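Student: I'd like to ask you about the structure that follows.
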Amino acid sequence: MKKGRFGQYGGQFIPETLMNAVNELEEAYEKYKKDPDFVQELNDLLKNYAGRPSLLYEAKRMTEDLGGAKIYLKREDLNHTGAHKINNVLGQVLLAKKMGKTRVIAETGAGQHGVATATAAALMDMECEIYMGKEDTDRQALNVYRMELLGAKVHPVTTGTMTLKDAVNETMREWAGRMDDTLYVLGSVMGPHPFPTIVRDFQKVIGEEIKEQLMEKEGRLPDAVIACVGGGSNAMGTFYEFIPDKQVRLIGCEAAGLGVDTEKHAATIARGSEGIFHGMKSLFCQNEYGQIAPVYSISAGLDYPGIGPEHAMLAAEGRAQYVPVTDEEAVNAFEYLSRKEGIIPAVESAHAIAYAMKLAPTMRKDQIIVVTVSGRGDKDVAAIARYRGVEIYE
Amino acid sequence: MNKISEAFENKKAFIPFITGGDPSLDVTKKLLLAMQEAGADLIEVGIPFSDPIAEGPVIQEADERALRAGFTTDKLFDAILEVRGEIHIPMVFMTYANPIYVYGKEAFMKRCVECEMAGLIVPDLPYEEKDELLDTCRKYGIELVSLIAPTSEDRIQMIAREAEGFLYCVSSLGVTGVRSEIRTNIREMVDRVREVTDIPCAVGFGISTPKQAREMANVSDGAIVGSAIVKIIAEHGEDCVPYVAEYVRQMKDALR
């Protein structure tokens, strides 16, 4: 059995230069995940710094309005830094510290992972450099300044499509040049082994909490859990605990941009094909010659042409279902949740809300849906305004 | 077909790299012939990839230029076939795992055989993953070239023992690109290889001057030059052929 495989997906498709770096990371992770001091230190950070457990909130107005299944929201938007990304980052930066590294680097799409990494780096006194596509530094200018405030250096990436995939390329290149004092803190359940496993392990707290909190409130499992999927970290964190519970539907929402029948989308499961890229065998949006396709979504965090290998496996097995959600549906959901519940979700998370809005009315009132609100939407307000034709400046 | 080993017979090999289709496939064909004429012992032809994570800016831009100009893997196979009869030195492809995987491993190797390619260099296929292509390569007699890096250390001998064709010694950390100085102790790297195999070792990444090429070849079996050549191509575009030929001649002379 090869390392880091999820069914036929996963692996370690990276340059030889990086192999000892990922092996070192794997060894350190295997050691520290069983180390009671490490576990305690991380749990302490999650509780007293990030604010875990996050709330499981019953969205009564939304439930009543949609007239079907009862809807709960898993409020990852209430974490420190405003998204689920902090869960993984606290784990990885703490691990980096234990490994004796003094510098962390990371890619970011919407900026949430970059902000989280910069935050953890500030907290743990590490140098931090963030790579972000030029298109994303433009549409998420506020997050760029936020990272700088936290002491990180932000490098706008001007190669390729100037979005998340190019930021990943550039961070890999940077890491290949400097590994002795530097750890690449990858932001999603993707990349070469051991990243998909490490990130999933640090995010699985989401689903574990959902299960426990729902047991307390309802005394049972949910009928469906829904999360948005770019690389797939909040979705994997939400799903993982429920994989053995076959009666729980696992639903990932991909960015369909202007629609899966156009060329402007990022719907990897709906439209992608098998390939090998960013260190993993998985599904990718690409052409018949294996050139990675430029993808599009209103959401910078879902604007990625691949998906984590464990999701590719869950999709192939039929254990999880992946549905495309368009920009228009996501923006409508963004506004809907703001008005109905007074919660402004990240436009990424709004993709999950949008599908819940479709699904809930088709279900019975005694059924339960849990939607993970992976982040808060403050960062998206200007972009949504522009989408609606209102010019405001941040 | 010319085997990779021919490039190293009784000489230090000079191995130039060009990106297929940069700036056009027409120029690629001319470059192959001109570089052979100028003394190249083995030619590495890059199949452009949209996201070449092991490349520095020079080759990244070459890949982008070629793809923008409508490059496809099939067009490169066709172009090579047109001049293959006039080429008497071995050639290898350098590309990433995805263009091969998505083309179809069998279909890709069949076309390699048609083009009489001797080998394949895949920078994102490390030792642990080489089974992905190895069986198909063997079936079609294509040698899968392994790489070792300055960080390989305890991995060097494991990789070298199973290496085919030649061993690509990556001279520096980071990505491809011209470097003013190469700090890695190549002699030590090659010595570790020599403890387990006699396979030729060629050094690449960062080499641009005849002096560097000579120094690297003195402690190994050859020098690989990519970015320095691709830079000349970028500078002169369609008119680059004589400039590249002159450069290859100088570099080869430095290894004689």
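Any read-out appearing in this document is the output of simple, stated calculations on the displayed coordinates, not a laboratory observation. All values derive from a computational prediction rather than experimental measurement. Please note: Cβ atoms are built from the backbone with ideal geometry, for glycine as well, and neighbour counts cover all protein chains shown.
Student: Compute the helix-to-body angle for A:205-218: its Cα long axis versus the longest principal axis of chain A, expressed 0 to 90° and rounded to tens.
Tutor: Around 30 degrees separate the two axes.
Student: Let me ask you something else. Which one, B:Tyr101, B:Asn185, B:Ala234, is farthest towards the positive end of the dipole of the range B:12-255 when Lys and Arg carry +1 and Asp and Glu -1 on their Cβ?
Tutor: Farthest towards the positive pole: B:Asn185.
Student: I want to check the label-to-label distance for A:Ser273 and B:Glu181. Put each point 7 Å from Cα in the C-beta direction and report it in nm to one decimal.
Tutor: Placing both labels 7 Å along Cα→Cβ, they lie 4.8 nm apart.
Student: In degrees from 0 to 90, rounded to the nearest 10, what is the angle of the helix A:85-98 Cα long axis to the longest principal axis of chain A?
Tutor: 20
Student: While we're on this one: Given R₀ = 41 Å, what would the calculated FRET efficiency be for A:Met124 paired with A:Tyr387, taking r from the Cβ atoms and rounding to 0.05?
Tutor: After rounding to 0.05, the efficiency reads 0.65.
Student: Could you list the residues of the range A:163-203 with an amide nitrogen less than 12 Å from a label point located 7 Å from the Cα of A:Arg103 in the Cα-to-C-beta direction?
Tutor: Residues A:174-184 qualify, since their backbone N sits under 12 Å from the label point.
Student: Follow-up question, since we're still on this one. Relative contact order (percent) for chain B, with alpha-carbon contacts under 8 angstrom and 6 or more residues of separation?
Tutor: Value for chain B: 25 percent.
Student: Further question: Among A:Ser297, A:Val371, A:Ala383, pick out the residue whose Cα is farthest towards the positive end of the charge dipole of the range A:272-394, where Lys and Arg carry +1 and Asp and Glu carry -1 on C-beta, about the Cα centre.
Tutor: A:Val371
Student: Sticking with this structure for a sec: Non-local amide H neighbours of A:Glu107 (under 5 Å, H modeled in plane, Pro and chain starts lacking H): which ones?
Tutor: A:Tyr131, A:Gly187
Student: Further question on the same structure: Say the cut-off is 25 Å between C-alpha atoms; which of A:Lys33/A:Lys101; B:Lys11/B:Lys211; A:Lys85/A:Lys211; A:Lys101/B:Lys211 go over it?
Tutor: Result: A:Lys101/B:Lys211 exceed 25 Å.
Student: Using Cα positions and a limit of under 18 Å, work out the aspartates and glutamates in reach of A:Lys3, with same-chain residues fewer than 8 apart set aside.
Tutor: A:Glu16, A:Glu24, A:Glu26, A:Glu27, A:Glu30, A:Asp201, A:Glu310, B:Asp124, B:Glu128, B:Glu129, B:Asp131, B:Glu132
Student: Mind checking which of B:Cys169, B:Ala66, B:Pro23 is farthest towards the positive end of the range B:12-255's charge dipole, using Cβ charges of +1 (Lys, Arg) and -1 (Asp, Glu) about the Cα centre?
Tutor: Going by the Cα projections, it comes out as B:Cys169.
Student: Hey, rough spin-label estimate for A:Ala141 and B:Ser5, points 7 angstrom out along Cα→Cβ, what's it come to in nanometres?
Tutor: Label-label distance for A:Ala141 and B:Ser5, simple model: 6.4 nm.
Student: Could you tell me what percent of the DSSP beta bridges with both partners in the range A:257-327 are antiparallel, to the nearest 5?
Tutor: Within the range A:257-327, antiparallel bridges account for around 90 percent of the total.
Student: If you put +1 on each Lys and Arg Cβ and -1 on each Asp and Glu Cβ, how big is the dipole of the range B:12-255 around its Cα centre, in Debye rounded to 20?
Tutor: Computed charge dipole of the range B:12-255: roughly 380 debye.
Student: What whole number of Å gives the distance from the Cα centroid of the range A:252-306 to the Cα centroid of the range A:185-249?
Tutor: 22
Student: Oh, and also: What residues have an amide H closer than 5 Å to that of A:Val157, excluding those fewer than 5 places away on the same chain, when H is modeled at 1.01 Å from N in the peptide plane?
Tutor: When sequence neighbours closer than 5 places are left aside, the close amide H contacts are A:Met132, A:Gly133, A:Lys134.
Student: Exactly which GluC sites (Glu not before Pro) in the range A:256-364 are in a DSSP loop and have at most 14 other Cβ atoms within 10 Å?
Tutor: Sites meeting the loop and neighbour criteria: A:Glu263, A:Glu288.
Student: What angle, in degrees between 0 and 90 and rounded to the nearest 10, separates the Cα long axis of helix A:327-341 from the longest principal axis of the Cα atoms of chain A?
Tutor: Here the helix axis deviates by roughly 70 degrees.
Student: Let me ask something else. Over what distance in Å are the Cα centres of the range A:1-39 and the range B:15-56 separated?
Tutor: Centre-to-centre distance over Cα atoms comes out at 35 Å.
Student: Counting pairs on different chains as well as pairs 8 or more places apart, how many Lys pairs in the range A:259-394 have Cα atoms under 24 Å apart?
Tutor: 6
Student: For Cα pairs less than 8 Å apart in space and 6+ apart in sequence, what is the mean separation divided by the residue count of the range B:59-176, i.e. the relative contact order in percent?
Tutor: Reported relative contact order: 21 percent.
Student: Same structure, new question: Treating the beta-carbon of each Lys and Arg as +1 and of each Asp and Glu as -1, no other charges, what is the dipole magnitude of the protein assembly as shown about its Cα centre, to the nearest 20 debye?
Tutor: Here the protein assembly as shown has a charge dipole of around 960 debye.
Student: Take B:Glu114 and A:Lys365, extend 7 Å from each Cα along the Cα→Cβ direction, and tell me the distance between the two endpoints in nm.
Tutor: Here the answer is 6.7 nm between the modelled labels.
Student: Calculate, in nm to one decimal, what A:Asp37 and A:Glu335 gain on full extension: separation in residues at 0.36 nm each, minus their alpha carbon distance.
Tutor: Full extension of this stretch gives 102.9 nm more.
Student: Where the only charges are on Cβ atoms (+1 Lys, Arg; -1 Asp, Glu), what is the dipole of the range A:173-316 about its Cα centre, to the nearest 20 debye?
Tutor: 160
Student: Considering only DSSP beta bridges whose two residues both sit in chain A, what percent are antiparallel, to the nearest 5?
Tutor: 30
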